[in-house]
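Notes to accompany the following structure.
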Amino acid sequence: MGVPTTPAVATSSGSPGRPYVLLSCATSIDGYIDDATEQRLMLSNDEDLDRIDAVRAGCDAILVGAGTVRRDDPRLVVRSERLRRARVARGLPPSPAKVTLTARGDLDRRARFFTVGDAERFVYCASPAVEKTTELLDGLATVVDAGDPVDHGRVLADLAGRGVGRLMVEGGGTVHAQFLTAGLADELHLVVAPFFVGDRRAPRFVADGRFPWHSGRRARVAEVRQIGDVVLLRYALSERCGDS
């Protein structure tokens, strides 16, 4: 995969398949993914960040919402040189493709999503904002018309048509809730940090919604692992998720 050098607009392929979807999130004990300050709250530790890097390296694409691109300015690249070399040895680019979703197309060309690394970049955009977003991101990303509002199933079908077999969704909370309530997630990695935030102004893991997993239909716990001072809870959300 290479970065497009000319503006590109595409329509979703409509493929009936979809990638394996793995959601990844870290929270406080009381379920917050950040605090209410302008500084980013560190919830993981170094050992867990290495684990996340390995999970990224095993995926074909990484997806975050436009709000996360604006607020956190993530790079979304594989950090480990060893893992990057291993991907290249398998005939893959050093880091997975980057994917974001936007309703309005209000993205900054200077964001690290667009400027760091040489992975392919896809922006799935609500139909009314496609033209504006294409002009804005000229030469930086492939802009895909994803319907109005953005249709997550359509996004996944299009990614599958582009060869994405395994997708890692890293947030934020709105995007996680959208994939979960739509029943489009196969696996959840939830890391719990050993402290409380205790501020209702802060963002939580997910907002209110009708989720397929509830008291009458419990998700299956695939793994519980202590990683330093945090705990990884791995949930199987579909039959596609194994125990390994």
Exactly one of (1) under 17 Å from the mean Cα position of the chain (by Cα); (2) surrounded by fewer than 21 Cβ atoms within 10 Å (Cβ to Cβ) is unmet by Asp106. Its number? (1)
Which one is most open to solvent (accessible area, probe 1.4 Å) among residues in region 214-226 that are touching a Phe, Trp or Tyr at 6+ places or on another chain (Cβ under 8 Å) and more than 15 Å from Thr181 (Cβ to Cβ)? Arg220
Scan region 214-231 residue by residue and report those that are part of a loop (DSSP other than H, G, I, E, B) and either within 23 Å of the chain's Cα centre (by Cα) or aromatic (Phe, Trp, Tyr) (or both). Ala219
Whichever residue in region 52-66 is open to solvent by 30 Å² or more (accessible area, probe 1.4 Å) and not hydrophobic (A, V, I, L, M, F, W, C) and, among such residues, is farthest from the chain's Cα centre (by Cα): Gly58
Among strands (runs of 3 or more DSSP E) entirely inside region 1-111, those with 2 or more residues being modelled with pLDDT of 95 or more and of a type in the set (Val, Ile, Thr) are 20-27, 61-65, 97-102
Yes or no: Gly58 of a type in the set (Gly, Ala, Ser) and closer than 20 Å to Pro19 by Cβ? yes
Failed item, numbered, when Arg234 is tested on (1) assigned to a strand (DSSP E or B); (2) farther than 14 Å from Leu22 by Cα; (3) open to solvent by less than 30 Å² (accessible area, probe 1.4 Å): (2)
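The values are calculated or read from the model by the stated rules, or taken from the named source; none is laboratory data. The structure presented is a predicted model; accordingly, all values stated were derived computationally and were not measured. For neighbour counting, all protein chains shown are included, and Cβ atoms are generated from backbone atoms with ideal geometry for every residue, glycine included. Please note that ligands, DNA and RNA were not included when accessible areas were found on the heavy atoms of the full protein model with its side chains. Shrake-Rupley method; radii C 1.70, N 1.55, O 1.52, S 1.80 Å.
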